[in-house]
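K.L.:
So that we are looking at the same thing, I have put the structure below in structure tokens.
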Amino acid sequence: MSAVELYGCRGCGSAAIEALLEWAGIEFAYREVASWEPGAAIDALKRVNPLAQVPTLKLADGTIMTESAAMIVALAELHPDLGLLPPIGDARRAAALRWIAFIAGNMYPAISVGDFPERWVKSDVARAELKDGSVDRLKAYWTILEQSLSPAPYLLGEEISALDVYAAMLSRWRPGRAWIDAHCPQVAASIALTEQHPAVARAWVHNFKT
């Protein structure tokens, strides 16, 4: 049995980490957990992550990691020869970290608010307004990416990085690929190319309808 374990659910935020583990050639055990379904799987996840969120990653030395952005950086540091991120000292690394943090700090929360508006407001009307507002914010964030990056052909230049995988996963959620394709063509083209990477393609087959 693999010492590395990934707690995830299909179509969730674990998809990017699954793809990066595939990319790194790391053997891992996948633990399917639907956080909204009570049972043994969610109980096991809570024992290692009290928030019961996916992805949760157990490294080979037993270290538990939460937060997908942190996992991306950790995997890049553990496997520097794979090119998951540009090397330290390369200006592209600073850009990669900036935009990974942008996704984690802005886009992810907007997705979460839209998924669980009941956590924030009580009335049905307010929940609908909050969900609509979250989509508007996501459109604004994608537009910022489009205006700030000049893919060539990947988001940071000629070589694929974990940032591309992270963005490709987010593109599968609200506001959806059709909107991104129509309004953010440069980023959309980079995402489409990223999804041709063998490791990403394998993870996407497991996580998303094609």
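The values are calculated or read from the model by the stated rules, or taken from the named source; none is laboratory data. Computed from a predicted structure; not experimentally measured. Note that each Cβ is placed from the backbone with ideal geometry, even for glycine, and that neighbours are counted across all protein chains shown. For accessibility, only protein heavy atoms count, side chains too; no ligands or nucleic acids. Shrake-Rupley method; radii C 1.70, N 1.55, O 1.52, S 1.80 Å.
K.L.:
Out of curiosity, is Val73 open to solvent by 20 Å² or more (accessible area, probe 1.4 Å), part of a loop (DSSP other than H, G, I, E, B) and in contact with a Leu (Cβ under 9 Å, 6 or more places away or on another chain)?
P.N.:
no
K.L.:
May I ask you to list the residues in segment 158-210 that are touching a Lys or Arg at 6+ places or on another chain (Cβ under 6 Å) and farther than 13 Å from Met107 by Cβ?
P.N.:
Asn207, Phe208
K.L.:
Across segment 85-118, what is the total count of residues that are touching a residue at least 12 places away in the same chain (Cβ under 8 Å) and crowded, with 16+ Cβ neighbours inside 10 Å?
P.N.:
18
K.L.:
Going by what's in this entry, would Lys209 be described as at pLDDT below 95 and not acidic (Asp, Glu)?
P.N.:
Yes: the conditions hold for Lys209.
K.L.:
May I ask you to list pairs of residues, at least six apart or on different chains, whose Cβ atoms are under 7 Å apart, with the first in segment 11-37 being among the β-branched types (Val, Ile, Thr) and the second being buried (at least 18 other Cβ atoms within 10 Å of the Cβ) and part of a loop (DSSP other than H, G, I, E, B)?
P.N.:
Ile17/Pro55; Val33/Cys9; Val33/Val54
K.L.:
List the number of the failed condition for Arg92; all other conditions in (1) touching a strand residue (DSSP E or B) at 6+ places or on another chain (Cβ under 9 Å); (2) within 27 Å of Tyr7 (Cα to Cα) hold.
P.N.:
Unmet for Arg92, out of (1) touching a strand residue (DSSP E or B) at 6+ places or on another chain (Cβ under 9 Å); (2) within 27 Å of Tyr7 (Cα to Cα): (2).
K.L.:
Report yes if Ser2 is polar (S, T, N, Q), assigned to a loop (DSSP other than H, G, I, E, B) and over 18 Å from the mean Cα position of the chain (by Cα), otherwise no.
P.N.:
Yes: the conditions hold for Ser2.
K.L.:
Can you name the residue in segment 25-40 that is hydrophobic (A, V, I, L, M, F, W, C) and in contact with a Ser or Thr (Cβ under 9 Å, 6 or more places away or on another chain) and is also farthest from His206 (Cα to Cα) among such residues?
P.N.:
So the residue we want is Ile26.
K.L.:
Being assigned to a loop (DSSP other than H, G, I, E, B) and surrounded by 13 or more Cβ atoms within 10 Å (Cβ to Cβ) is the filter; apply it to segment 11-37 and report the residue that is modelled with the lowest pLDDT.
P.N.:
Ser35
K.L.:
Determine if segment 38-48 includes at least one residue that is in a loop (DSSP other than H, G, I, E, B) and either open to solvent by less than 10 Å² (accessible area, probe 1.4 Å) or touching a strand residue (DSSP E or B) at 6+ places or on another chain (Cβ under 7 Å) (or both).
P.N.:
The answer is no; no qualifying residue exists.
K.L.:
Among the helices (runs of 4 or more DSSP H) confined wholly to segment 129-210, which include 2 or more residues that are free of Cβ contacts under 8 Å to residues at least 12 places away in the same chain and under 18 Å from Leu97 (Cα atoms)?
P.N.:
So the answer is none; nothing clears 2.
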